[in-house]
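K.L.:
Quick one: structure below, then a few questions.
The values are calculated or read from the model by the stated rules, or taken from the named source; none is laboratory data. Please read all numbers here as calculations on a predicted model, not as lab measurements. Every residue, glycine as well, gets a Cβ built from its backbone with ideal geometry; the counts of neighbours run over all protein chains shown. These area figures cover heavy atoms from the full protein model, side chains too; ligands, DNA and RNA do not enter into them. Shrake-Rupley method; radii C 1.70, N 1.55, O 1.52, S 1.80 Å.
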Amino acid sequence: HRHRLAGRREGDVVKASVLLSFVAITVLMAGLLRAEADAPANGAFSRTWSRTDKPVADRVVDRTWMWGPEAFTAPIVEDYANAPGGKRVVQYFDKSRMEDNAYRGSDPWDVTNGLLVVEMVEGYIQIGDDSYDESPEPASVNIAGDPGEQPSYADIDSCQLRSTDGIDEGDVGTPIIATYADRCDLGSDTTYLNQSVTRAVYVPETGHTIASPFWAFMNSSGTIWDGSGYTQSSLFQSPYYATGFPVTEAWWSRIAVGGVARDVLWQCFERRCLTYTPDNAAGWQVEAGNAGRHYVEWRYADNEPVPAPTATTVSTTTPTTTPNTSPSPSATASPSPACHPSYPDFCIPPPPPDLNCSDFTAAQKPFAVRHDVPDADPHDLDGDKNGIACTS
C-alpha cells in the first residue's frame, strides 16, 4: 500500500528535533494586527525565494506566489540521516519547505523542497534517503478552498485518484472533463469542454499526464530577480523543480472559496498541488496550494511548538487586486480565531475587537477586501466599497 512515489530517489524530509505545533503557529495573539514573519534562513534560501517571489512582493509583477510572502517559521535544525552529522536546516513557507541540501548539490539544487504531498497522501514521514517513520495517518486536510472542502490529501489515495489505468501517451491532446466530488464521486462533465483544457504531456516516471494550464505554468517565463536586478527568464530552471512529477491526473471540482462555489481544476504533484481557476485574473489562474501550512498542521499538531518567526514586520502583502484560490495561510487552523474571508491578504478575525485602519502598519496598507462573501467587511475597513481597504 505504501507506493513511495519516488520518495527513495531523493532525501527530502526530516524528523524534527525541535518538534512543531500547528496550534502554536496559528494562534493569533494581540499582535495579530502587525503580521509577523521571518526572512529566509540563509543566502541560498533567500536566493531561491527571491528568484520568483521578490518580484511579486515588490509588486513588479501581478502573479501568484511560488513560496509565499515570507517564511512562517524560524530556521529549524531537523534530523536527517544523510546530512552531515545527521542534521540539516529547514524552513517552512506557505507553499512548501526549503531544505539545506548544499552538502551534495549546487545552485539550484542546493535548496530542495520536500515531497510533502507524497508524505501527506501516503501517511509516512521521510527521515533519511531510505528511512521512513510510518506512524502517521494520511492527512485529512483539504488541498484547496475553504476548510472542509474536498478533496483532502487522504482522499487522493482512498478514492484511487492516483490510478493510471487506461492512461498512456496516446491521451496527450485529449480534453480533460473528469470530475471529482465529495465521497469519491468520480464522473465527467462535457460542459468543461468549453474550457479547452487538455492533457499536455505524458510523464512515464509516474504514468500520469499533466494538464495544459499546469504544464504551461511549469515552463513559463517572466520577470525574475537574478541577485542584482530584475530580468526576463524562465521562472523555474527545471519544470519539475518546484512540483516534482504528477501523482494524480487533473480533475475538475466545484470548490467553495470564500464561501463562493467555483470551478477549479486541480492536480497533485510530489511536492505541491496546483489549481487552475479560469475566472481568476490572468496571473493568478494557476496557483500552488498551501502544502507547507498543510504539512505542518498534519505532522506537528500534537507536538511541541515550532520556533516562532522573529518579530519582523511584513513589508509587503499580496497584490490587492488579485484573487487567490488557495486557502488563506490560517484558513485550516481550527484552533485559532477564524480568519474572515473578506480579507484575503492576511488573517484578520471578525469582531470583537472592532478594528480600524489605524490598527494596521503602513506596510500592510492598503489591502484587498472581498464583498462577495457573507457578512462582508465586518470591520468596515473599505468604506467606499471599491475592494481596497485603508486607501485614505
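K.L.:
Quick one: how many residues across the range 285-308 are at pLDDT below 90 and hydroxyl-bearing (S, T, Y)?
P.N.:
Number satisfying all stated conditions: 1.
K.L.:
Sticking with this structure for a sec: Could you name every one of the strands (runs of 3 or more DSSP E) located completely within the range 187-294 that has at least 2 residues being within 21 Å of I143 (Cα to Cα)?
P.N.:
Strands (runs of 3 or more DSSP E) meeting the threshold: 208-211, 251-257, 260-268, 273-276, 286-288.
K.L.:
On to the next question. One residue is enough: does the range 172-185 have a residue meeting the conditions open to solvent by less than 80 Å² (accessible area, probe 1.4 Å) and in contact with a Cys (Cβ under 7 Å, 6 or more places away or on another chain)?
P.N.:
Taking every residue of the range 172-185 in turn, at least one turns out to be open to solvent by less than 80 Å² (accessible area, probe 1.4 Å) and in contact with a Cys (Cβ under 7 Å, 6 or more places away or on another chain).
K.L.:
Still on this model: For the range 65-84, how many residues meet the condition of being open to solvent by 10 Å² or more (accessible area, probe 1.4 Å) and modelled with pLDDT under 90?
P.N.:
So the count comes out to 4.
K.L.:
Give the range 100-136 a look and list any residue that's within 13 Å of Y241 (Cα to Cα) and under 16 Å from the mean Cα position of the chain (by Cα), or say none.
P.N.:
Residues satisfying the conditions are T112, N113, G114, L115.
K.L.:
Can you find, within the range 364-392, the residue that is most open to solvent (accessible area, probe 1.4 Å) among those that are polar (S, T, N, Q) and in contact (Cβ under 8 Å) with a residue 12 or more places away in the chain?
P.N.:
Across the range 364-392, the extreme among qualifying residues is T391.
K.L.:
Let me ask something else about it. Would you be able to say whether some residue in the range 112-123 is of a type outside the set (V, I, T), surrounded by fewer than 24 Cβ atoms within 10 Å (Cβ to Cβ) and modelled with pLDDT of 90 or more?
P.N.:
Checked against the condition, which is being of a type outside the set (V, I, T), surrounded by fewer than 24 Cβ atoms within 10 Å (Cβ to Cβ) and modelled with pLDDT of 90 or more, the range 112-123 yields at least one hit.
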